[in-house]
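Report on the structure given below.
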Amino acid sequence: MNEQAVIAVEHVEREFSSRGQQVLAVDDVSFDVESGEFFTIVGPSGCGKSTLLNMMVGLLQPTSGRILYKGDAVRGVTGEIGYVTQEDNLFPWRTLRKNVEFGMEVRGVATDEREERAEAIIKRVGLDGFQDRFRHELSGGMRARVNIARTLAWRPDVILMDEPFGPLDVQTRLQLQTLLLDLWREDRATVIFITHDLNEAVTLSDRVLVMTRHPGTVKMVYDVDLERPRDVFSIPTTDTFREVFDPLWDELQTEMREDAEEDSIGL
Amino acid sequence: MSSTAETTDRDAPTPDENVIKSVLSSDTARLWWWRLAFGAAVLVFWELTSGRLYSSFWFSKPSAIAQSLYESFTSGQLISDVAITLRAAVLGYGFGAVLGVVLGFVIAELRTVAKVLNPYILAVYGIPRIALAPLFIVWFGIGITSKIMLAALMTFFLTFFNTFTGVGQIDDDLVNVARVLDAGRLTILRKVVLPAASPWIIAGLRIAIPYAIVAAIVGEFIASTAGLGFRIMQSTQLFNTTGTLAGILVIMVLVMIFNLILDRLESYLLRWQPSSERPGGGTQS
C-alpha cells in the first residue's frame with residue numbers, strides 16, 4: 001500500500017441481489033488515491049462507478065475486500081468524507097444559505113462561524129444575492145453550485161463527486177469545471193470524481209482510472225501529464241491534450257462498444 | 001476565474017414580480033366578484049321563488065333565516081351554542097391531532113412495525129367512522145366527553161394517516177445527505193424527515209378541521225342538551241326548517257373561517273414549496 005494514500009481500495013467486490021439472483025456489480029477493484037490528488041474514475045454506464053463511491057463514503061459495505069481511509073478500514077459512515085451526488089438533493093424547505101450551512105450545523109460549528117463561512121463560499125461560487133432563495137427558485141446550474149458549495153463548506157479532506165455536472169448544458173458545465181479547479185487549487189482537498197465523459201476526466205484530473213463495462217473492474221490507471229492551471233475552455237484543442245486523450249479513448253470506446261452490442265440500454 | 005451566476009443561469013426564474021402581482025390581483029378581484037355574484041344570485045332566486053314555486057314552510061327563505069339568526073344572536077343563545085360545539089370540536093381536534101401526528105410519525109419510523117400494522121391501518125381507515133358515534137355515546141355519556149372523543153377520533157385518523165404516508169414517502173437520497181455527515185438518528189428525524197413530511201402533515205391537519213366540527217355536531221344530534229347540533233335537531237323535530245337551515249349556515253361559516261386560517265398558516269409554513277406540489281392542497285382559493 002502506498003504510504004501517502006488517503007483512500008486505498010483493496011480487492012473490493014460488491015454483489016447485489018436482483019430478482020433472486022446475485023449480480024456482481026464491482027469485481028476485484030484495487031487502487032490508491034493520494035492526498036491532494038484529483039482522481040477521476042471513468043467508465044461506461046452501469047459499470048459500478050456510483051457503487052464504488054457509495055462504498056468509499058460508507059453507505060454501502062463491500063461484499064469482499066476492503067477500503068481504507070487514512071489507513072483505517074471504512075466500516076460505515078465516517079462523517080469525514082464529503083459526497084457531492086449526481087442529483088443535487090438540496091433540501092427544498094431550506095433556503096440556499098441554510099442548505100450550505102447544513103453540514104456545519106450537523107457537525108456542530110458555532111453559529112457565527114457557520115454563517116461567515118457559508119457567506120464566503122456562496123460568494124465564491126457566484127451565488128451572492130440568491131442566499132434566501134428556495135430550491136424551486138434556482139436554475140439547474142445554480143443548484144449544482146449549491147450542491148458543491150455545501151460540501152466544501154464543512155471542509156472535508158476528501159470529496160467524492162458523482163457526475164455533478166451531468167445534466168447541465170455545455171456552457172454551464174465548462175464554467176463549473178473552471179470553478180471546481182479553482183476551488184480545488186485553493187482548498188487542496190483530495191477529489192475523487194466520477195464521469196462518463198472522458199473529455200471532462202482528462203481536463204480535470206491528475207490521474208484517470210478507466211473501468212471496464214459491467215461487472216466493473218479496473219482496466220487501467222493513466223497519468224495525465226498536463227500543466228496546471230488548465231484552461232478548460234481551450235485545453236481540449238491542444239496537441240498535448242490529444243496525446244493523453246486518444247489512447248485513453250481507444251480503451252474506453254472498446255468498453256462502450258461491447259456494452260452497446262450486449263444490451264441496448266443507452267450509454 | 002469563475003464566472004458569475006447571472007451569465008450562467010439564464011433560465012433562473014427572475015420575472016418582473018410587479019407585473020405578475022398586478023395581473024394576479026386584478027384576476028383575483030374579478031374572480032371574487034364572480035363568486036359573490038353567484039352567491040347573491042342563488043339567494044335572490046331562493047328568496048323570490050320560495051312561497052311561489054314551493055312551500056316556504058318546508059324550504060324556508062333567506063330573509064326568514066336572517067331574521068332567525070338575528071333573534072338567536074340577540075338572545076345570546078347562538079353564541080352559547082357555538083361556544084359549546086366549538087369547545088368540543090377544538091378540544092377533540094387538539095387531542096386527535098397531537099396523537100395522530102406523533103403516532104403516525106413514530107410508527108412510520110419503526111419500519112418493521114409499520115409493515116406489520118399496514119393492513120390493519122388500511123382496514124381501520126376504511127370503516128365508516130361516523131357509525132361509531134352511537135357507541136361513543138354509550139361509552140362516554142351524553143355530556144361533552146363523547147363529543148370531544150368523536151372529534152378526536154376523526155382528527156386522529158386523518159392526521160395519523162397523512163403523517164404515516166408522508167414519513168413513508170421520504171426520499172432516501174435526502175436522508176443520505178445527513179447520513180454521510182454521520183448525523184444521529186434524532187438529528188435526521190428533526191432536520192430531514194419532519195420537514196420532508198410536513199406538507200403531508202399540514203394537509204392532514206387542514207382536512208381534519210371540518211371533520212372535527214361535523215363529529216361534534218353529529219354527537220350532539222344523537223344525544224345532548226345543548227350546542228349547534230342539538231339546536232338543529234330540535235328545530236327539525238319541530239318542523240322549524242328556518243331554524244335548521246340557520247344552524248347549518250352557522251356551521252358552514254365556522255368551517256370556512258377555520259379553513260381560511262389554516263390556509264394562511266399552510267401558505268406560510270410551506271412557502272418553500274411550489275403550490276402545485278402540495279399533497280391534498282391547492283384546491284382552496
inquiry  = List the residues, sorted by chain then number, that are 5 or more residues from A:GLU15 or on another chain and whose placed amide H is less than 5 Å from its amide H.
reply    = A:ALA25, A:THR63
key: Interface size A-B, as summed buried accessible area [1.4 Å probe, Å², nearest 100]   = 3000
note = Sorted list, accessible surface of protein heavy atoms, 1.4 Å probe, largest first, for B:LYS61, A:LYS49 is B:LYS61, A:LYS49
request  = Give the calculated FRET efficiency between A:ALA110 and A:THR240 to the nearest 0.05, with a Förster radius of 60 Å applied to their Cβ-Cβ distance.
outcome  = 0.80
query = For chain A, how big is the tail of P(r) above 23 Å, as a whole percent of Cα pairs?
reply = 54
query = So what are the ³J(HN,Hα) numbers for segment A:121-134, from phi and the Karplus equation (6.51, -1.76, 1.60; θ = phi - 60°), rounded to whole Hz, Gly and Pro as x?
reply = 6, 4, 5, 4, 8, x, 10, 4, x, 10, 3, 9, 7, 8
task = Starting from the Cα of A:LYS219, draw a straight line to each of the lysines and keep only those under 29 Å, dropping any in the same chain fewer than 8 residues away.
result = A:LYS49, A:LYS70
remark   = By the C-alpha gyration tensor axes a ≥ b ≥ c (rounded if a/c is under 1.5, else prolate when a/b exceeds b/c, else oblate), the shape of the protein assembly as shown is prolate
request  = Please give the residues from segment A:59-92 for which the solvent-accessible area of heavy atoms, probe 1.4 Å, is smaller by at least 50 Å² with all protein chains in place than with the chain isolated.
outcome  = A:LEU59, A:VAL77, A:ASN89, A:PHE91
task = For segment B:46-60, take each phi angle, set θ = phi - 60°, evaluate the Karplus expression 6.51 cos²θ - 1.76 cosθ + 1.60, and give the result in whole Hz per residue in order, putting x for glycine and proline.
result = 4, 4, 6, 7, 5, x, 10, 7, 8, 6, 7, 5, 8, 10, 6
ask   = Taking the Cα centre of chain A as the origin, how large is its charge dipole in debye, to the nearest 20, when only Lys and Arg (+1) and Asp and Glu (-1) carry charge on their Cβ atoms?
value = 1060
request  = Work out the FRET efficiency for B:ILE142 and B:LEU110 from their Cβ-Cβ distance, taking R0 = 41 Å, and round it to the nearest 0.05.
outcome  = 0.60
request  = Report in % the part of the accessible area of segment B:77-277 that belongs to carbon and sulfur, leaving out ligands and nucleic acids; probe 1.4 Å.
outcome  = 71
remark   = Residues whose built amide H sits under 5 Å from the amide H of A:TYR222, excluding neighbours closer than 5 in sequence, are A:VAL208, A:LEU209, A:VAL210
Label point 7 Å beyond Cα of B:PHE221 along Cβ direction - residues of segment B:119-139 with amide nitrogen under 11 Å = B:130-131, B:133-134
query = Taking square-rooted eigenvalues a ≥ b ≥ c of the alpha carbon gyration tensor, is segment B:20-81 rounded, prolate or oblate, where a/c under 1.5 means rounded and, failing that, a/b exceeding b/c means prolate?
reply = oblate
key: Accessible area of segment B:144-257 divided out per residue, in Å², using a probe of 1.4 angstrom   = 39
note = Gyration tensor on Cα atoms of segment B:168-235, a ≥ b ≥ c root eigenvalues, a/c under 1.5 rounded, else prolate if a/b beats b/c, else oblate, says prolate
inquiry  = Check which residues have an amide H placed less than 5 Å from A:VAL84's amide H, if you skip close sequence neighbours.
reply    = A:LEU160, A:MET161, A:ASP162
ask   = Tell me which aspartates and glutamates have Cα within less than 16 Å of A:LYS98's Cα, excluding those fewer than 8 residues away on the same chain?
value = A:ASP88, A:ASP112, A:GLU113, A:GLU115, A:GLU116, A:GLU119, A:ASP128, A:ASP132, A:GLU137
request  = Give the accessible area for B:TRP46 in Å² (nearest 10); use a 1.4 Å probe, count only protein heavy atoms, and leave out ligands, DNA and RNA.
outcome  = 70
key: Rounded to the nearest 10 Å², the accessible area of A:ARG242 at probe 1.4 Å   = 100
remark   = Rg (one decimal) and Dmax (whole number) from the Cα set of segment B:77-277, in Å, equal 19.6, 69
ask   = Say each of A:GLU227 and B:GLU71 gets a label point 7 Å from the Cα, pointing the same way as Cα to Cβ; how far apart are those two points in nm?
value = 10.0
ask   = Straight-line reach from B:LYS147: which aspartates and glutamates have Cα under 17 Å away, leaving out those fewer than 8 places along the same chain?
value = B:ASP81, B:GLU220
ask   = Sorted by accessible area with a 1.4 angstrom probe, largest first, how do B:PHE59, B:PHE258, B:PHE105, A:PHE193 fall?
value = B:PHE59, B:PHE258, B:PHE105, A:PHE193
inquiry  = Just to make sure I understand: if all protein chains stay in place, what is the order of A:THR78, A:THR195 by accessible area at 1.4 Å, largest first?
reply    = A:THR78, A:THR195
inquiry  = Given R₀ = 60 Å, what would the calculated FRET efficiency be for B:TRP46 paired with A:LEU24, taking r from the Cβ atoms and rounding to 0.05?
reply    = 0.20
note = Share of accessible surface on carbon and sulfur in chain A, whole %, 1.4 Å probe and ligands ignored, is 44
ask   = In segment A:168-194, which residues have a backbone nitrogen under 17 Å from the label point lying 7 Å from A:LEU59's Cα in the Cα-to-Cβ direction?
value = A:192-194
ask   = Any idea of B:VAL138's accessible area? Nearest 10 Å², probe 1.4 Å.
value = 110
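The values are calculated or read from the model by the stated rules, or taken from the named source; none is laboratory data. All values reported here derive from a predicted model rather than from experimental measurement. Every residue, glycine as well, gets a Cβ built from its backbone with ideal geometry; the counts of neighbours run over all protein chains shown. With ligands, DNA and RNA removed, areas are computed over all heavy atoms of the protein, side chains included. Shrake-Rupley method; radii C 1.70, N 1.55, O 1.52, S 1.80 Å.
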